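The values are calculated or read from the model by the stated rules, or taken from the named source; none is laboratory data. Quick caveat, the model's predicted, so the values are computed rather than measured. In this analysis, Cβ positions are derived from the backbone assuming ideal geometry, glycine residues included, and neighbour counts consider all displayed protein chains. The accessibility values were calculated without ligands, DNA or RNA, using every heavy atom of the protein model including side chains. Shrake-Rupley method; radii C 1.70, N 1.55, O 1.52, S 1.80 Å.
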Amino acid sequence: MKLTVTLLLLCIPAMVWSQRIEVSVGPELDQKEIRKEIGVPGAILSPFRSFSYSSTLFFNPAKQKGYVGFGFKDKSFHFAVFDNYLNYTGMKKLVSETIDEKVKLNAFVIVKGKTYLIFSQENKSRDEFSVYVNEVSDDMVVLGTPIKLHTYKNLKQSGMQLIVSSSEHKDYFLLTRIHDTKARESQKMECKAVSQTFSEIWYKLIDTGVRDMDLVIQSLAVDNSGNMYMLTEQSDKKVNNPVAFVYFWKSGSLKNFELGAPAGVNFGSRLKLLNGERAYIVGLNKDEKKISFFLNRINAQQETLEEVKTGLMPDNFYELSRVRLFDTFDWSISDIVTLDDNSVVASVEAELVNYKYNLYNTYNTYVLSFSESGDHRWTGVVQKKQVVMGGMHGHMLVPAGNNVLVIYNDHEKNITKKTDDSEVEIFKTKNAMVVVQEFDEKGNAKKYPFSKNKELENYALFFYGVDRIEPGLYYSSCINVKGVMSVDTKNIVFKIN
């Protein structure tokens with residue numbers, strides 16, 4: 001009887017974590033065979049980072065289909081199609097009378113279960129390019145006549161770099177043309193918001209007034225009301241100051257807000273529209289040997305920057321932030337999410353890249369929790385060390401009710417160590433295990449494997465191939481690096497319960 005009770009108690013933790021994350025594993029994907037099938041050489045097209053629109057990786061949740069771009073051949077773009085996001089059903093050509101090698105695919109967007117392609121086509125003789133939208137069938141056949149969204153002038157001088165963003169509810173799509181400029185010219189961009197029916201809502205030419213060489217655009221976003229948010233870093237005597245440009249279209253007001261604490265140096269900021277409506281900016285601040293974090297909110301109704309909230313990083317953070325190869329300014333806000341109780345969670349991580357060998361060095365991840373009003377609630381730490389190829393490094397934050405999950409790749413030996421144990425094995429690609437550290441609403445942490453599926457032994461998440469299909473449902477590529485020229489790939493879908 002005692003043995004039975006003991007076994008039951010041992011099973012309870014496994015049941016708890018297995019119910020939190022439900023993982024579905026697809027068959028091993030032979031990319032070489034797929035490329036051979038269509039005669040496209042080279043590597044698979046790389047999707048953009050997580051949660052962004054891509055012309056090479058997108059999903060239709062209404063029909064549970066996934067699409068991955070594999071290349072261009074015979075005047076056609078080729079896409080692998082996956083039923084239930086995981087089961088490869090074949091390769092489809094993007095069939096169209098108007099789309100050829102002269103166009104640029106900007107994004108595939110889903111509106112009410114229908115797929116639409118946004119693409120650009122240049123007209124050099126007129127020194128311009130136009131952006132169009134077309135509906136696309138499940139079999140990648142372009143339907144009907146393309147609808148022109150906008151024509152941009154001065155192609156030769158300003159280029160055709162275009163970014164497509166979407167509001168959380170897909171009510172608005174934002175087209176942002178970032179002008180090619182010389183180092184000492186003021187950085188400009190043209191922004192245009194369109195509705196679900198792709199009709200114009202507003203258009204605005206924005207001159208930042210900052211030289212191109214002194215400006216870095218960190219992120220662009222559009223909220224559920226159609227307002228535009230752009231987070232930038234502006235250099236001033238080797239100090240990068242975070243500044244947000246916000247266009248409130250109903251009032252026609254363009255405002256820029258200086259972010260962070262008034263004293264010291266503000267750096268490593270990130271902007272996130274939580275629930276598609278509330279703009280939060282979290283960043284770091286260094287004042288002598290004191291490292292703090294700050295949180296700003298932008299009030300869209302009042303069109304104001306709300307009072308900054310600040311707090312100190314852990315007492316030993318300054319020393320740890322300069323450990324070994326790392327410098328304090330290598331740290332930044334990696335991700336921000338909101339939970340069911342409307343609290344805000346942000347993560348802080350350092351990253352160094354050896355570009356010669358494509359090796360990424362990352363250190364511990366700090367997790368910051370704030371109330372909806374911006375008051376600091378708790379700080380947690382994920383003990384880890386990674387020296388791995390690009391895409392296997394870092395982590396992702398995933399909301400799970402009132403808890404937050406930090407998902408990352410680790411050395412399998414570290415799974416038995418306590419969450420506060422700083423003596424951890426360095427993860428160097430081999431002996432991989434995907435690990436979850438879960439923090440509850442009070443900051444209490446527990447650690448467990450992402451999955452116990454034998455098919456995922458020695459596989460790591462490939463974070464460059466992670467995307468959110470819909471709230472609570474995620475797609476990812478997993479890789480098992482066996483050698484320099486030997487990598488096995490599987491795709492997974494995981495659901496948060």
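Values for this structure:
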| item | result |
| --- | --- |
| Residue within segment 378-391 that is open to solvent by less than 10 Å² (accessible area, probe 1.4 Å), more than 20 Å from Asn458 (Cβ to Cβ), of a type in the set (Val, Ile, Thr) and over 18 Å from the mean Cα position of the chain (by Cα) present | yes |
| Single unsatisfied condition, Lys148 versus (1) free of Cβ contacts under 8 Å to residues at least 24 places away in the same chain; (2) in a loop (DSSP other than H, G, I, E, B); (3) basic (Lys, Arg) | (2) |
| Condition check for Leu254: part of a strand (DSSP E or B) and under 23 Å from Leu405 (Cα atoms) | no |
| Hey, Val367 in contact with a Gly (Cβ under 6 Å, 6 or more places away or on another chain) and at pLDDT 95 or above or not | yes |
| Residue that is most open to solvent (accessible area, probe 1.4 Å) [pool: residues in segment 394-406 that are closer than 17 Å to Arg20 by Cβ and not in a strand (DSSP E or B)] | Asn402 |
| Scan of segment 100-140 for residues that are acidic (Asp, Glu), touching a Phe, Trp or Tyr at 6+ places or on another chain (Cβ under 7 Å) and either assigned to a strand (DSSP E or B) or in contact (Cβ under 8 Å) with a residue 40 or more places away in the chain (or both), ordered by number | Glu122, Glu128, Glu135 |
| Residue satisfying condition, being at pLDDT 95 or above, part of a loop (DSSP other than H, G, I, E, B), surrounded by 15 or more Cβ atoms within 10 Å (Cβ to Cβ) and among the aromatic types (Phe, Trp, Tyr), within set Phe198, Phe173 | Phe198 |
| Qualifying residue in segment 249-260 (condition: loosely packed, with under 15 Cβ neighbours inside 10 Å and modelled with pLDDT under 90) | no |
| Within segment 220-235, considering residues that are in a strand (DSSP E or B) and either surrounded by fewer than 18 Cβ atoms within 10 Å (Cβ to Cβ) or among the acidic types (Asp, Glu) (or both), the one modelled with the lowest pLDDT | Ser235 |
| Lone qualifier among Val348, Val337, Val367, Val381 - being farther than 21 Å from Val424 by Cα and part of a strand (DSSP E or B) | Val337 |
| Boolean, Val164 is touching a Ser or Thr at 6+ places or on another chain (Cβ under 7 Å) and part of a strand (DSSP E or B) | no |
| Of residues in segment 139-170 being surrounded by fewer than 14 Cβ atoms within 10 Å (Cβ to Cβ) and of a type in the set (D, E, K, R), the one farthest from Pro471 (Cα to Cα) | Lys156 |
| Number of the exception - Lys63 against (1) at pLDDT below 90; (2) assigned to a loop (DSSP other than H, G, I, E, B); (3) open to solvent by 20 Å² or more (accessible area, probe 1.4 Å) | (1) |
| Contacts under 9 angstrom Cβ, first residue in segment 474-495 being part of a strand (DSSP E or B), partner of a type in the set (Asp, Glu) and open to solvent by less than 20 Å² (accessible area, probe 1.4 Å), 6 or more apart | Tyr474/Asp467; Tyr475/Asp467; Ser476/Asp467 |
| Breaking point among (1) open to solvent by 30 Å² or more (accessible area, probe 1.4 Å); (2) at pLDDT 95 or above; (3) part of a loop (DSSP other than H, G, I, E, B), for Ala263 | (2) |
| Selection from segment 78-99 of residues that are in a strand (DSSP E or B), touching a Phe, Trp or Tyr at 6+ places or on another chain (Cβ under 9 Å) and either open to solvent by less than 40 Å² (accessible area, probe 1.4 Å) or touching a residue at least 40 places away in the same chain (Cβ under 8 Å) (or both) | His78, Phe79, Ala80, Val81, Phe82, Tyr88, Met91, Lys92, Lys93 |
| Test result for Gln187, open to solvent by less than 20 Å² (accessible area, probe 1.4 Å) and either under 21 Å from Leu117 (Cβ atoms) or in contact with a Leu (Cβ under 6 Å, 6 or more places away or on another chain) (or both) | yes |
| Selection count where residues are open to solvent by less than 10 Å² (accessible area, probe 1.4 Å) and either more than 20 Å from the chain's Cα centre (by Cα) or at pLDDT below 95 (or both), scope segment 320-336 | 3 |
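Each row is one residue, and each column tells you yes or no for (1) out of contact with any Gly (no Cβ under 8 Å at 6 or more places or on another chain); (2) surrounded by fewer than 18 Cβ atoms within 10 Å (Cβ to Cβ); (3) at pLDDT below 95; (4) part of a strand (DSSP E or B).
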residue	(1), (2), (3), (4)
Tyr408	no, no, no, yes
Ser422	yes, yes, yes, no
Lys430	yes, yes, yes, no
Lys442	yes, yes, no, no
Lys446	yes, yes, no, yes
Leu461	yes, no, no, yes
Asp467	yes, no, yes, yes
